[in-house]
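S.K.: Have a look at the structure that comes next, please.
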Amino acid sequence: MAGPAQNDGHRERLRQKLTLAGGEALHDYELLELYLFRSIPRRDVKPIAKALIARFGDLGGVAAAPVEQLITIDGVSERCAAELKLIQALSARLAREQVIGRPVIASWAALVAYCRTAMQHATTEQFRVLFLDRKNKVIGDEVLGTGTIDHAPVYPREVVKRALANEASAIILVHNHPSGDATPSQADIEMTRTLIDVCKPFEIVVHDHLVIGRENTASFKTLGLM
């Protein structure tokens, strides 16, 4: 086991590497080490960082993991787990700032990135709606349904109600597939058609429906499903 002096030297070298070369020069576990320095001050955190990556797959998986799972990793306390959850909150907030108030055409990549950051690693299905104004700027987003590993309840009346409350002229539907496969199901297709029909009398346009998988994202519009 490394002693205090060795730990201090290793930590300083990592900090310098980040400062001089930037985050792209560091492995995922090294970035995680730098973050863990905050909550684990006097211990070699490299084995902990590597164990977290091995268990949850990547940095996003670590940040999205429930606290009760994080603390099963040797060396991760409840305080440390809470610090790790901060990564997810900050990432989602920063990604959201690149979307709100911007036209979807100009910020489509950022919009998809935000949805992936918020939903990619969720262990249960979430149904989210992005609200757009007449200039197709994103004016808000809300999670309108959460459920099980393969189903989230969707209530068309609630979607219309929230769209009207947000004074939205158009919406983008988003939900995730915790199974990992972003391919739309028949139930997804039927639900989308129902929502399009329900929104029409209120002159609310459904621009797209995104399905967020672990590795990719499916667009109903791109697939010709709407």
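The values are calculated or read from the model by the stated rules, or taken from the named source; none is laboratory data. Worth saying up front: this structure is predicted, and the values here are computed from it rather than measured. Virtual Cβ from ideal backbone geometry, glycine too; neighbours counted across all protein chains shown. Keep in mind that these areas ignore ligands, DNA and RNA; they rest on the heavy atoms of the full protein, side chains included. Shrake-Rupley method; radii C 1.70, N 1.55, O 1.52, S 1.80 Å.
S.K.: Between residues in the range 81-107 that are at pLDDT 90 or above and residues that are aromatic (Phe, Trp, Tyr) and surrounded by 17 or more Cβ atoms within 10 Å (Cβ to Cβ), which pairs lie under 6 Å by C-beta distance while being six or more apart or on different chains?
M.R.: Filtered contacts from the range 81-107: Ala95/Tyr114; Arg96/Tyr114; Val99/Tyr114.
S.K.: Which residue out of Glu167, Glu215, Glu190, Glu158 is under 22 Å from Lys135 (Cβ atoms) and among the acidic types (Asp, Glu)?
M.R.: Glu167
S.K.: Within the range 76-121, can you find the residues that are among the charged types (D, E, K, R) and within 20 Å of Ala170 (Cβ to Cβ)? Show your work before the answer.
M.R.: As a first pass, look at the range 76-121 and keep what is among the charged types (D, E, K, R): 78-79, 83, 85, 93, 96-97, 102, 116.
Matches in the range 76-121: Arg96, Arg102.
S.K.: Take the residues of the range 192-220 that are farther than 15 Å from Gln120 by Cβ and β-branched (Val, Ile, Thr): which is surrounded by the fewest Cβ atoms within 10 Å (Cβ to Cβ)?
M.R.: Residues of the range 192-220 that are farther than 15 Å from Gln120 by Cβ, as a first pass: 192-209, 219-220.
Now drop any that are not β-branched (Val, Ile, Thr), which leaves 192, 194, 196, 198, 204-206.
Numbers: Thr192: 20, Thr194: 13, Ile196: 17, Val198: 15, Ile204: 20, Val205: 15, Val206: 23.
Only one residue tops the list, namely Thr194.
S.K.: Select, from Val99, Val76, the only residue that is buried (at least 18 other Cβ atoms within 10 Å of the Cβ) and over 25 Å from Gly147 (Cβ atoms).
M.R.: Within the list Val99, Val76, the selection yields Val76.
S.K.: If you don't mind, another one. Test Arg157 against the stated conditions and say whether it is closer than 30 Å to Ile71 by Cβ, charged (D, E, K, R) and outside any strand (DSSP E or B).
M.R.: In short, no.
S.K.: If you take the residues of the range 155-180 that are within 17 Å of the chain's Cα centre (by Cα) and under 13 Å from His209 (Cβ atoms), which of them is most open to solvent (accessible area, probe 1.4 Å)?
M.R.: Only one residue fits best here, namely His177.
S.K.: Which residue pairs have Cβ atoms under 6 Å apart, sit 6 or more places apart or on different chains, and have a first residue in the range 173-192 that is part of a loop (DSSP other than H, G, I, E, B) and a second that is of a type in the set (D, E, K, R)?
M.R.: Gly180/Arg214
S.K.: Okay, moving on. Which residues, counting only those in the range 33-48, are outside any helix (DSSP H, G or I), buried (at least 18 other Cβ atoms within 10 Å of the Cβ) and not β-branched (Val, Ile, Thr)?
M.R.: Asp44
S.K.: Right, next: Between Ala163, Ala109, Ala152, Ala168, which is hydrophobic (A, V, I, L, M, F, W, C) and in contact with a Cys (Cβ under 8 Å, 6 or more places away or on another chain)?
M.R.: Testing whether each residue is hydrophobic (A, V, I, L, M, F, W, C) and in contact with a Cys (Cβ under 8 Å, 6 or more places away or on another chain) leaves just Ala163.
S.K.: Next question. I need the full set of residues from the range 120-141 which are among the aliphatic types (A, V, I, L, M), in contact with an Asp or Glu (Cβ under 9 Å, 6 or more places away or on another chain) and touching a residue at least 40 places away in the same chain (Cβ under 8 Å), in order please.
M.R.: Taking the range 120-141 first, the residues among the aliphatic types (A, V, I, L, M) are 122, 129-130, 132, 138-139.
Remaining after also requiring in contact with an Asp or Glu (Cβ under 9 Å, 6 or more places away or on another chain): 129-130, 139.
If the condition is that a residue be among the aliphatic types (A, V, I, L, M), in contact with an Asp or Glu (Cβ under 9 Å, 6 or more places away or on another chain) and touching a residue at least 40 places away in the same chain (Cβ under 8 Å), then Val129, Leu130 are the ones that fit.
S.K.: For the range 134-154, does any single residue satisfy the condition of being modelled with pLDDT of 95 or more, open to solvent by less than 70 Å² (accessible area, probe 1.4 Å) and either of a type in the set (Ser, Thr, Tyr) or part of a helix (DSSP H, G or I) (or both)?
M.R.: no
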